[in-house]
Structures are given as structure tokens and as C-alpha cells.
Amino acid sequence: MILLAQHEFEQLRLLAEAAYPEEFCAILLGTRETDGARVTRVMPTANTHQNPKRAYAISPTAVILAQRKSRDDDTLILGFVHSHPDHPAEPSTSDLEQALWLGSVYGIVSVRAGKCAAIAFYRLEGSTLEARRFVPEEVRFRI
């Protein structure tokens, strides 16, 4: 389960709408608790993909900065989020090929005609990279 504050949900929506028609991306920081992954910070990152209207890429530098921030805040990198302009909030084949952080959360924001249509979260599961798959995650809002 993903535990998310309403303002973090709104931040994801606004970032995705602002980036439209390109894909936006961000890194999710937080804690792992018995009842799920608690998001405490959304770190927007530049989409460094050569074709940002069709795909996303997060630079290694952005990941290193997020690792430093997570150490400073005593949190973890929980996962990543990106948008799908004019496509559903469902993982694509390239999303699965690109996903390497087993056990991490991957969020997808569907943006249609510039407005957020849906936000969905998935956990990357599997015992090996070859056996990885996305499993839908329940989202609960926290205060």
C-alpha cells in the first residue's frame, strides 16, 4: 500500500499537467512501514530522454541527489513516478524494460488534453530482473 498526503497527490497532478504534452518524472522519498510505503517527499527531476513526448529518463545525477537527500532526511528512495500524456495510467512495455529497482514503487499519471485523468501506483516485483512484473498498489491518503 502507498500512503500519500493530499498535497503530494496534488503536486503530482500539477507537475504532470505542467509538463504536458511531454512526460514529467520525479523520485519518491519516504519510509517503509508495516502498513506500506509512506511518501514524504516528491522530488521533481528533469526528463532527460531525447524524446520527452514519448518516454522519460531520470539522470544518474538526479538519483544521486535523491540518495543524498534521503540520507539527510533519514528516508529512502521509495520509487519513481512519470506521466503518460494521452495514454492510460498503466505500465507500458518500455516502462517494464526500464524498471530495475525491484520492490520499488512506480507511479504513473495519465494526462489527457492537459488535464490529469488518473494516477496509479505499482510495485515492481520479482525474484530476478528477468521475472519482474508490475503489481497494482492500493493508495491511501494520510493526514
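The values are calculated or read from the model by the stated rules, or taken from the named source; none is laboratory data. This structure is a prediction, so every number in the text was calculated from the model and none was measured. Neighbour counts run over all protein chains shown; Cβ positions are idealised from the backbone, glycine included. With ligands, DNA and RNA removed, areas are computed over all heavy atoms of the protein, side chains included. Shrake-Rupley method; radii C 1.70, N 1.55, O 1.52, S 1.80 Å.
Total residues in the range 25-58 satisfying the condition of being in contact with a Pro (Cβ under 7 Å, 6 or more places away or on another chain) and in contact (Cβ under 8 Å) with a residue 60 or more places away in the chain: the figure is 0.
Of all residues in the range 109-134 being in a loop (DSSP other than H, G, I, E, B) and on the phi < 0 side of the Ramachandran plot, which is most open to solvent (accessible area, probe 1.4 Å)? Once the filter is applied, the top-ranked residue is Glu130.
Taken together, the residues in the range 124-137 that are among the charged types (D, E, K, R) and touching a residue at least 40 places away in the same chain (Cβ under 8 Å) amount to 1. Restricting to the range 56-84, name every residue that is among the β-branched types (Val, Ile, Thr), open to solvent by 30 Å² or more (accessible area, probe 1.4 Å) and part of a loop (DSSP other than H, G, I, E, B). Ile58 - this is the single residue of the range 56-84 that is among the β-branched types (Val, Ile, Thr), open to solvent by 30 Å² or more (accessible area, probe 1.4 Å) and part of a loop (DSSP other than H, G, I, E, B). Among the residues of the range 87-123, just one is without any contact (Cβ under 8 Å) to a residue 24 or more places away in the chain and within 17 Å of Pro21 (Cα to Cα), namely His87. It is to be established whether one or more residues within the range 66-74 are modelled with pLDDT of 95 or more, of a type outside the set (D, E, K, R) and out of contact with any strand residue (DSSP E or B) (no Cβ under 9 Å at 6 or more places or on another chain). Taking every residue of the range 66-74 in turn, none turns out to be modelled with pLDDT of 95 or more, of a type outside the set (D, E, K, R) and out of contact with any strand residue (DSSP E or B) (no Cβ under 9 Å at 6 or more places or on another chain). It is to be established whether one or more residues within the range 96-105 are exposed (fewer than 14 other Cβ atoms within 10 Å of the Cβ) and more than 16 Å from the chain's Cα centre (by Cα). For the range 96-105, residues exposed (fewer than 14 other Cβ atoms within 10 Å of the Cβ) and more than 16 Å from the chain's Cα centre (by Cα): absent. Being part of a strand (DSSP E or B), surrounded by fewer than 20 Cβ atoms within 10 Å (Cβ to Cβ), among the β-branched types (Val, Ile, Thr) and on the phi < 0 side of the Ramachandran plot is a condition met by at least one residue of the range 20-39.
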